[in-house]
Amino acid sequence: MALMETFYLSHGAPTLAIDETVPARKFFQSWQQGVYREKPSSILVISAHWETAQPTVNVVDRNDTIYDFYGFPKPLYQIKYTPPGAPELAKRVKELLLASGIEHVDEDKKRGLDHGAWVPLMFMYPEADIPVCQLSVQSDRDGTHHYNMGKALAPLREEGVLILGSGSAVHNLGSRLPDGSPVPSWAVEFDNWLKDALIEGRYEDVNHYESKAPHPKMAHPRPDHFYPLHVAMGAAGEDSKAKLVHSSWTDGTLSYASYQFTAPE
């Protein structure tokens, strides 16, 4: 069954997994009922929390739960989310990327799922019965590199693969504020610019956000949480339609804005 949609999900902090007051939690919990009813054959996650020099896929039979964070409450380290791996999908991702002109694609035969993948997925697909593969980002490259990776991966939609970019629409940990604080104007301005650019189909502006967006370095001191968006955007195609499917904030500077991209018929 072909899938027409890809998604960019803002996953925020790891505490989303245990903190019932995080507004985005209800969005992820309502995924199968209210957001996306199609059941994919497998899932490809491009997570902000896997950065490598070359594009890399994890090739495993069963995904372990990676606790790639420190100093959080103990219950967070007791959660297990261990869906099947997707080694055949990993090989297909590698094949498509190499065919697109990317010179090297590595395989990691031990890595499981980091929290950019398992925290949202534990709510979206709690049965943990859909095979999952991860693909890394290259933070020393640019948005266009990641958009082109997405374009190369577009055939996966025809094969029933759900492509999910997982990051945060605004992600400045150094400027976090106490809960309940108003969102600073620079964060609102970037978040609104992104929404308008995506809905208006100005994908090239998003690829070059460093020169097109307001306050790009404040919104993303590092690009790791933004580049998964470019992959999801590219995988739906330049004529796709973007839709905001969730918007909320925590800590003043973490935007949970999430987007659906729908390819033309």
Want the number for E88 to D179: 0.36 nm per residue separation, take away the alpha-carbon distance, what's left? 28.4 nm
Report in % the part of the accessible area of segment 90-187 that belongs to carbon and sulfur, leaving out ligands and nucleic acids; probe 1.4 Å. 49
Whole-number percent relative contact order across the chain, with pairs defined as alpha carbons under 8 Å at least 6 apart: 32
Label model pair Y77, T144: point-to-point distance (7 angstrom along the Cα→beta-carbon line) in nm is 4.5
Multiply the residue gap between I199 and Q32 by 0.36 nm, knock off their C-alpha separation, and tell me the result in nm, one decimal place. 57.8 nm
As a percent rounded to 5, the proportion of antiparallel DSSP bridges among beta bridges in segment 5-262 is 45
Kindly provide the helix-only [θ] at 222 nm of the chain, computed as the sum of -39,500 (n - 2.57) over DSSP H runs of four or more divided by all residues, to the nearest 500 deg cm²/dmol? -8500 deg cm²/dmol
For semi-axes √(5λ) of the Cα gyration tensor in Å, several values are listed as [x] 42, 26, 16; [y] 48, 20, 15; [z] 25, 22, 18; flag the one computed from this structure. [z]
Estimated distance in nm for a label pair at I102 and E210, the labels positioned 7 Å out from Cα along Cα-to-Cβ: 1.9
Relative contact order (percent, whole number), segment 198-265, Cα cutoff 8 Å, 6+ residue spacing: 31
With every protein chain kept in place and a 1.4 Å probe, segment 1-131 has an accessible area per residue in Å² of 46
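The values are calculated or read from the model by the stated rules, or taken from the named source; none is laboratory data. Quantities reported herein were computed from a predicted structural model and do not represent experimental measurements. In this analysis, Cβ positions are derived from the backbone assuming ideal geometry, glycine residues included, and neighbour counts consider all displayed protein chains. Only protein heavy atoms, including side chains, enter the accessible area calculation; ligands, DNA and RNA are left aside. Shrake-Rupley method; radii C 1.70, N 1.55, O 1.52, S 1.80 Å.
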